[in-house]
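Read through the structure below, which is laid out as structure tokens, and then see the notes.
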Amino acid sequence: MSREVHVQFCERAGVKLPCATHLVILCGSQAEAQELLEQVRQWTDRAGLTLHPVKTRIVDASQRGGFGFLGYHFERGHRWPRDKSRAKFREAIRQKTRRLNPRPLSQIITEVNRTLRGWFNYFQHSVANVFAAEDRWVRGRLRTLLRRRHKGTGRARGRDHQRWPNAYFAELGLFSLAIARAKASHVRHRTH
């Protein structure tokens, strides 16, 4: 296999390309990584490009710290959504679950499900514990909305979990990230 890096750009009228893309190169040793980094530097210099001084680095992904790439964080053989990815996800859900949202809960859940499914489809290969935490957070947002509609104030509290248990939201069709992850994991294990 050739060690050359081939990049092909395609332009047409009215289309502008973003700044050079991100690249991850996996190596077997520190020495190999240093050698390849130097080759990439030479290649980018010849192309009139520069490597980002902060983002360009050699990382031992088997150690604590890892690296982020395309919304994921990679570390010690695992991957999960970066904090920034989770924050964007939560902000999208917040926009759809505002306490004063007048739409019926079924419509709100339909909108929330679109975001949940899209986020799951992209991040489904993350470690499993990510999904249960996000499910709890989404249900908490919905409980807070319901609390407000029933003349309560503040965020959802202990009794609200009995008033609107997880099963209540499941019956309304709320998509569960954790259940989807368990099903996807089961299917992957069965096919291997």
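Values computed for the structure shown
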{"read-out": "Amide H within-cut-off set for GLY68, under 5 Å, with H built and near neighbours excluded", "value": "PHE74"}
{"read-out": "Hull volume in cubic angstrom per residue (convex hull over the Cα atoms of the range 82-191)", "value": "109"}
{"read-out": "Relative exposure of ILE25, ILE109, judged by other C-beta atoms within 10 Å (fewest first)", "value": "ILE25, ILE109"}
{"read-out": "Centroid-to-centroid separation of the range 143-183 and the range 42-113 [C-alpha atoms, Å]", "value": "26"}
{"read-out": "Overall dimensions of the chain as given by Cα atoms, namely Rg and Dmax in Å", "value": "22.4, 67"}
{"read-out": "Given LYS55/LYS96; LYS151/LYS183; LYS96/LYS151; LYS55/LYS183, the pairs whose alpha carbons are separated by over 28 Å", "value": "LYS55/LYS96; LYS151/LYS183; LYS55/LYS183"}
{"read-out": "Per-pair calculated FRET efficiency, R0 = 30 Å: TYR122 and LEU172 via Cβ, rounded to 0.05", "value": "0.80"}
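Since every read-out is calculated from the coordinates, none of them should be taken as a lab result. On a predicted model such as this, the values are computed, not experimentally measured, just so you know. Don't worry about glycine lacking a Cβ; one is built from the backbone with ideal geometry, like all the others, and counts go over all protein chains shown.
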